[in-house]
Amino acid sequence: MEFLEWFMPTVWFVILALFLLLYVILDGFDLGVGILSLTSPSESQRTILMTSLGNVWDANETWLVLMGGALFGAFPLAYGTILKALYGPIYLMILGLILRAVAFEFRENAINKRPWNLMFGIGSVLAAGSQGICLGTVLSGIPTDAAGHFTGSAWIWVNPSSLVVALTLIQGYVLIGSTYLILKTSGELQRLHVRTARLAAATTLGGALLITFTAPFASEALRQRLFDPAFLPFFVVLPLLGVALIVQLFRSLAMQQEVWPFVYTVLLFILSFAGLGVMVFPAVIPPSVTIFQASSSVSSMVFMLTFIGVLIPIMLIYNIYNYIAFRGKVSAE
Amino acid sequence: MLATLDVVTLSRLQFALTAIFHMLWPVLSTGLAIYLVVLEAIWLRTRNPLYYRQARFWAKLYVLNFGIGVASGLPMEFQFGTNWAPLSEFAGDFFGSVLGFEGAMAFMLEAGFLGIMLFGWQKVPPVIHFLSTVMVAFGANLSVFWILSANSWLQTPSGGTFSEGHFHVQNYFAAINNPFMVRSVIHMALATVETSMLVVAAISAWSLMRQKAPEFFLFSFKLALVILLAVAPLQILAGHESAVQVAEHQPTKLAAIEALWDDQAAGSSPAWTVLASPDEASGSNRWSLSVPGAFSWILETRPQLSQPLRGLNSWPADQRPHMVGLLFYAFRVMVAIGLAAAALMALSLLLWWRGGLSAASFAQWPWFSWAWILSAPAGYLAIESGWVVRCVGRQPWTVYGQLRTADAASVLPVGEVLTSLSVFAVLYTVLLVFALYFGSRIIAKGPNLTLEPPAGLATAVILSDASESA
């Protein structure tokens with residue numbers, strides 16, 4: 001039992017991280033393409049952008065729903081406390097996702113597509129930005145009482161550091177969206193998104209550097225973790241790997257490669273995500289509430305794991321099949 | 001007036017608004033998916049392009065509806081954290097797990113195969129496409145199962161113990177299979193199929209009335225009618241069974257939906273109130289129209305009550321639902337629509353049987369067409385009324401008998417909830433208007449009657465035609 005009380009919350013922390021990572025990568029490029037659609041030079045090119053998402057955006061968004069459900073079931077305390085603290089940005093994100101989804105369907109049927117184009121792009125920016133604000137606020141810490149209940153103000157999320165994270169995440173989504181479009185398009189449109197990818201890679205890098213160097217000042221807990229000798233090798237290797245990947249990304253863009261820019265971007269996302277994960281673990285409500293305090297009962301987590309654990313590979317398989325069925329370049333129908 | 005609103009009321013209003021709006025969309029996602037499976041099966045079996053065109057036309061409405069359903073589902077899930085954090089903590093062990101299952105088992109299945117179902121006609125073999133349509137329908141119906149199981153648990157919590165402000169699960173299967181679960185899942189699943197078929201029949205009737213694509217819409221109408229034939233009578237039975245379980249497990253709700261103020265002894269034979277003006281202040285009805293001795297017939301199909309029934313007045317005011325008038329009439333609206341739909345179905349069947357149901361009948365009898373056209377909004381109204389009965393009738397409890405709604409709500413600044421509520425109210429009104437506008441455009445445009453099946457399949461058709469003629 002001792003073992004399970006340590007093991008189950010850890011497993012669920014990893015599963016949650018997996019769902020969130022899949023969401024950030026997959027809906028990340030959806031949202032990135034959505035933001036990029038604001039700059040599409042023509043309606044037919046915008047149609048290609050939208051078509052590249054048609055069969056996947058909905059399943060991609062579902063990883064967020066899954067993450068929410070898993071957080072609710074495995075760490076009910078964290079679900080209540082974090083979402084209550086992030087009331088404003090959570091609803092802004094929901095608003096953005098609703099606008100995005102609805103504009104997508106309405107545009108299909110509209111003669112005058114312009115208002116829906118605008119709504120699609122703005123919804124994507126709003127969703128991406130508010131996700132960044134949520135992330136930034138959680139990383140810099142959510143004040144709680146001894147029972148783990150939120151004690152901060154309703155405006156806790158309004159601060160410079162969460163704004164920086166938000167802007168960086170938007171750039172990151174534009175980057176992964178651009179590299180996805182390099183993969184899915186050809187000709188003029190592809191060349192355009194090589195340029196947007198290069199630009200977004202530079203701005204994302206700038207944001208990431210800013211976050212990295214200001215993180216130690218953001219909270220005491222982060223400072224301790226970053227300078228903890230036990231984690232030192234990790235925090236030395238991570239940036240080195242990051243630099244190598246960024247160099248590779250720029251090289252592959254310069255060489256007009258189609259697949260590699262996307263792969264390197266995904267690897268960069270995974271790397272940043274691993275860095276953030278190690279920074280907060282085992283806190284689920286940073287800085288102080290750990291997964292062991294916030295978890296549901298062991299039996300509950302075991303029960304959920306037996307169902308959802310079996311389903312994870314199955315979900316991955318049919319999602320991958322979906323991508324395989326629609327592989328290749330998108331053409332304007 | 002707004003200044004007097006407390007945050008619990010605002011969070012309740014927001015939940016009610018978002019739930020009522022959200023409920024409009026999963027109806028077709030679930031029920032119409034089954035219709036699409038049937039159409040595609042007929043198409044694969046007959047290889048007649050008419051059925052392929054049917055599948056493609058109804059799928060257009062399906063996707064318009066689906067996107068809004070997905071989007072409006074998000075606030076449902078996240079509200080449990082933002083506005084109902086104490087409930088999340090109280091019941092998260094079970095309630096959160098079930099929402100997680102719904103996501104992993106049902107929602108992802110539906111979303112993962114939807115792309116192939118909608119855009120994959122040319123991309124995958126017909127069998128895989130059919131399988132994808134089946135998975136979409138299966139996923140949607142699994143959603144009904146999990147969501148209704150979770151909601152039923154709020155109605156009849158079981159499978160564990162309550163202590164220290166927490167629900168501790170002891171038997172998951174007992175909690176999932178709580179007393180309300182089976183009959184609620186059946187009632188809801190039938191409701192989605194019935195209303196979806198009413199929508200198909202209504203659109204078909206409207207088009208037939210104007211003699212648009214008569215052959216196409218006469219088929220879709222008849223297929224919907226055949227499915228309704230199985231579903232509508234079953235739904236009346238399922239509805240009755242649901243009322244019986246309410247009588248057994250939630251006496252306060254039963255008393256409220258029947259505006260029953262005073263206790264009724266076992267062996268008595270109370271009147272059944274058809275219409276009334278319930279007055280909570282005096283604990284009685286201002287006036288009522290009732291059928292003597294009918295109550296026990298309706299509830300138990302016997303002349304006298306076998307069990308005593310407690311009236312609303314026998315509970316303290318803080319242990320029973322309020323808004324008795326709303327509950328009383330919401331219940332009656334639902335029942336009346338269910339019965340009327342069954343009657344319309346029986347009438348149409350009679351016409352069909354007597355050979356009078358042709359494409360021309362709809363233009364000839366506008367009243368008949370209009371009855372069908374109006375049945376679609378009526379179906380939605382019945383579903384919404386049913387949910388009002390179910391959830392307003394559960395008050396003052398969020399977890400029946402265990403957690404009060406007032407204790408389940410997060411303590412939030414009033415302005416915060418008021419803002420999100422107002423944004424939802426405006427946004428959802430606009431979305432509904434445009435969804436109806438674009439939906440009616442798809443209907444007005446009608447099906448593409450020259451659409452050819454995917455190339456690979458066309459060859460298969462030619463080959464099978466050739467082998468048949470040979």
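Scan B:425, B:409, B:341 and give me the residue that is within 14 Å of chain A (Cβ to nearest Cβ), touching a residue at least 24 places away in the same chain (Cβ under 8 Å), surrounded by 16 or more Cβ atoms within 10 Å (Cβ to Cβ) and not aromatic (Phe, Trp, Tyr).
B:409
Among (1) touching a Lys or Arg at 6+ places or on another chain (Cβ under 8 Å); (2) away from every other protein chain (no Cβ under 14 Å), which single condition is residue A:274 missing?
(1)
Can you report the number of residues in the stretch A:49-80 which are more than 7 Å from every other protein chain (Cβ to nearest Cβ), hydroxyl-bearing (Ser, Thr, Tyr) and over 27 Å from residue A:121 (Cβ atoms)?
0
Check the stretch B:188-208 and report whether any residue there is out of contact with any helix residue (DSSP H, G or I) (no Cβ under 8 Å at 6 or more places or on another chain) and either part of a helix (DSSP H, G or I) or without any contact (Cβ under 8 Å) to a residue 24 or more places away in the chain (or both).
Taking every residue of the stretch B:188-208 in turn, none turns out to be out of contact with any helix residue (DSSP H, G or I) (no Cβ under 8 Å at 6 or more places or on another chain) and either part of a helix (DSSP H, G or I) or without any contact (Cβ under 8 Å) to a residue 24 or more places away in the chain (or both).
So, in the stretch B:283-332, exactly how many residues are closer than 28 Å to residue B:382 by Cβ and of a type in the set (Asp, Glu)?
Selection size over the stretch B:283-332: 1.
Does residue B:173 qualify as being farther than 25 Å from residue B:19 by Cβ, facing chain A (nearest Cβ under 10 Å), assigned to a helix (DSSP H, G or I) and modelled with pLDDT under 95?
yes
Mind listing whichever residues of the stretch B:114-131 are of a type outside the set (A, V, I, L, M), in a helix (DSSP H, G or I) and more than 7 Å from chain A (Cβ to nearest Cβ)?
Matches in the stretch B:114-131: B:126, B:129, B:130.
Output yes when any residue across the stretch A:38-57 is touching a helix residue (DSSP H, G or I) at 6+ places or on another chain (Cβ under 9 Å), of a type in the set (Ser, Thr, Tyr), assigned to a helix (DSSP H, G or I) and within 30 Å of residue B:98 (Cβ to Cβ), and no when none is.
Within the stretch A:38-57, not a single residue is touching a helix residue (DSSP H, G or I) at 6+ places or on another chain (Cβ under 9 Å), of a type in the set (Ser, Thr, Tyr), assigned to a helix (DSSP H, G or I) and within 30 Å of residue B:98 (Cβ to Cβ).
Among the residues of the stretch B:73-85 satisfying the criterion of being touching a Ser or Thr at 6+ places or on another chain (Cβ under 9 Å) and within 7 Å of chain A (Cβ to nearest Cβ), which is nearest to residue B:20 (Cα to Cα)?
B:75
Checking residue B:104 against (1) more than 15 Å from residue B:33 (Cβ to Cβ); (2) surrounded by 21 or more Cβ atoms within 10 Å (Cβ to Cβ); (3) more than 7 Å from every other protein chain (Cβ to nearest Cβ), only one condition comes out false. Which one?
(3)
Kindly check whether there is at least one residue in the stretch B:33-40 that is among the hydroxyl-bearing types (Ser, Thr, Tyr), away from chain A (no Cβ under 14 Å) and within 17 Å of residue B:146 (Cα to Cα).
Within the stretch B:33-40, none of the residues are among the hydroxyl-bearing types (Ser, Thr, Tyr), away from chain A (no Cβ under 14 Å) and within 17 Å of residue B:146 (Cα to Cα).
Would you confirm whether or not the stretch A:262-282 contains a residue that is at pLDDT below 90, surrounded by fewer than 16 Cβ atoms within 10 Å (Cβ to Cβ) and among the aliphatic types (A, V, I, L, M)?
yes
As an exercise: evaluate residue B:357 against (1) outside any helix (DSSP H, G or I); (2) farther than 23 Å from residue B:222 by Cβ; (3) not polar (S, T, N, Q) and give the number of the one condition it does not meet.
Among (1) outside any helix (DSSP H, G or I); (2) farther than 23 Å from residue B:222 by Cβ; (3) not polar (S, T, N, Q), the lone unmet condition for residue B:357 is (2).
Residue check, residue A:321 against (1) surrounded by fewer than 19 Cβ atoms within 10 Å (Cβ to Cβ); (2) at the interface with chain B (Cβ under 9 Å from one of its Cβ atoms); (3) not in a helix (DSSP H, G or I), all met but one. Which one?
Unmet for residue A:321, out of (1) surrounded by fewer than 19 Cβ atoms within 10 Å (Cβ to Cβ); (2) at the interface with chain B (Cβ under 9 Å from one of its Cβ atoms); (3) not in a helix (DSSP H, G or I): (3).
Considering the stretch B:60-72 alone, what residues qualify as being more than 7 Å from chain A (Cβ to nearest Cβ), of a type in the set (A, V, I, L, M, F, W, C) and surrounded by fewer than 24 Cβ atoms within 10 Å (Cβ to Cβ)?
Correct list: B:61 only.
Restricting attention to the stretch B:299-321, and to residues there that are closer than 13 Å to residue B:258 by Cα and assigned to a loop (DSSP other than H, G, I, E, B), which single residue is nearest to the chain's Cα centre (by Cα)?
Among residues in the stretch B:299-321 that are closer than 13 Å to residue B:258 by Cα and assigned to a loop (DSSP other than H, G, I, E, B), the one nearest to the chain's Cα centre (by Cα) is B:321.
Quick check on this structure: which one of B:43, B:25 is surrounded by fewer than 24 Cβ atoms within 10 Å (Cβ to Cβ), within 14 Å of chain A (Cβ to nearest Cβ) and closer than 27 Å to residue B:225 by Cα?
B:25
Out of all the residues in the stretch B:428-448, which are facing chain A (nearest Cβ under 7 Å) and free of Cβ contacts under 8 Å to residues at least 24 places away in the same chain?
B:434, B:441
Within the group B:403, B:347, B:418, which residue is out of contact with any helix residue (DSSP H, G or I) (no Cβ under 7 Å at 6 or more places or on another chain) and hydrophobic (A, V, I, L, M, F, W, C)?
That would be B:347, the only listed residue that is out of contact with any helix residue (DSSP H, G or I) (no Cβ under 7 Å at 6 or more places or on another chain) and hydrophobic (A, V, I, L, M, F, W, C).
Starting from the stretch A:224-249, take each residue that is under 11 Å from residue A:271 (Cβ atoms) and list its partners that are among the hydroxyl-bearing types (Ser, Thr, Tyr), counting only C-beta distances under 6 angstrom and pairs at least six apart or across chains.
Listed by first residue and then by second, the contacts come to A:245/A:264.
Looking at (1) assigned to a helix (DSSP H, G or I); (2) modelled with pLDDT of 90 or more, which is the only condition residue B:296 fails?
Every listed condition holds for residue B:296 apart from (2).
Going by the structure shown, is residue A:126 within 13 Å of chain B (Cβ to nearest Cβ) and closer than 25 Å to residue A:203 by Cβ?
Judged against the criteria, residue A:126 is a match.
Out of B:54, B:79, I need the residue that is part of a helix (DSSP H, G or I) and closer than 26 Å to residue B:418 by Cα. Which one?
B:79
Would a scan of the stretch A:197-205 turn up a residue that is β-branched (Val, Ile, Thr), at pLDDT 90 or above and within 23 Å of the chain's Cα centre (by Cα)?
yes
Quick check on this structure: which one of B:174, B:150, B:137 is touching a strand residue (DSSP E or B) at 6+ places or on another chain (Cβ under 9 Å) and not aromatic (Phe, Trp, Tyr)?
After ruling out the rest, the residue left standing is B:174.
The rows are residues; the columns are (1) more than 30 Å from residue B:101 (Cα to Cα); (2) crowded, with 22+ Cβ neighbours inside 10 Å.
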| residue | (1), (2) |
| --- | --- |
| B:187 | no, yes |
| B:192 | no, yes |
| B:207 | yes, yes |
| B:233 | yes, no |
| B:237 | no, no |
| B:249 | no, no |
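Out of all the residues in the stretch A:81-98, which are facing chain B (nearest Cβ under 7 Å) and without any contact (Cβ under 8 Å) to a residue 60 or more places away in the chain?
Scanning the stretch A:81-98 gives A:83, A:90, A:91, A:94, A:95, A:97, A:98.
The values are calculated or read from the model by the stated rules, or taken from the named source; none is laboratory data. Everything numeric here is computed off the predicted structure, so don't read it as measured data. FYI the Cβ positions are ideal-geometry reconstructions off the backbone, even for glycines, and counts take in every protein chain you see.
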